[in-house]
1. Net charge within 9 Å of GLU68 by Cβ-Cβ distance, Lys/Arg positive one each and Asp/Glu negative one each, not counting GLU68 itself?
2. Taking the Cα atoms of the stretch 22-95, what is the range of coordinates along each of the three principal axes, in descending order and whole Å?
3. From the backbone phi of the stretch 52-58, what are the Karplus-calculated ³J(HN,Hα) couplings (6.51 cos²θ - 1.76 cosθ + 1.60, θ = phi - 60°) in whole Hz, Gly and Pro given as x?
4. Could you list which residues have their amide H under 5 Å from that of GLU21, counting only those 5 or more apart in sequence or on another chain, with H placed in the peptide plane?
Amino acid sequence: MSDEDEEAEPAVSLGERTPVEGAPLARVSSRLAWPKEKSEIDRLEGDAVIRTPDGPRELSTVLESVDETYFQRHQEFEGHVRDVIGTGPVPTADE
């Protein structure tokens, strides 16, 4: 198979677009420069709504349950947030 053939079709059929409320956590953390204090993340992005397995949640609310107060890297921040929100399928607006 050539590179052109691979680009012509997606590897997975995506089907119809179904809206998902909230932003991916990675998108929110990519807007920040690291290292960063939890209070500064809350000030800058606390009103951002993120996607979670339980539906959209405001980041500020999630941060209240995070015990860590300082994050060296975005991976560390995302790990602590995922410990609070969990991982798994994110419900769509139709569910």
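Where a number appears in this text, it was derived from the coordinates with a stated rule and is not lab data. All figures in this text were calculated on a predicted structure; none of them were measured in a lab. As a convention, Cβ positions derive from the backbone with ideal geometry for all residues, glycine included, and neighbour counts pool all protein chains shown.
1. Values: positive: LYS38; negative: ASP67, GLU76.
Net of charged neighbours comes to -1.
2. The principal-axis extents, from largest down, are 37, 19, 19 Å.
3. 9, x, 9, x, x, 9, 6
4. ALA93
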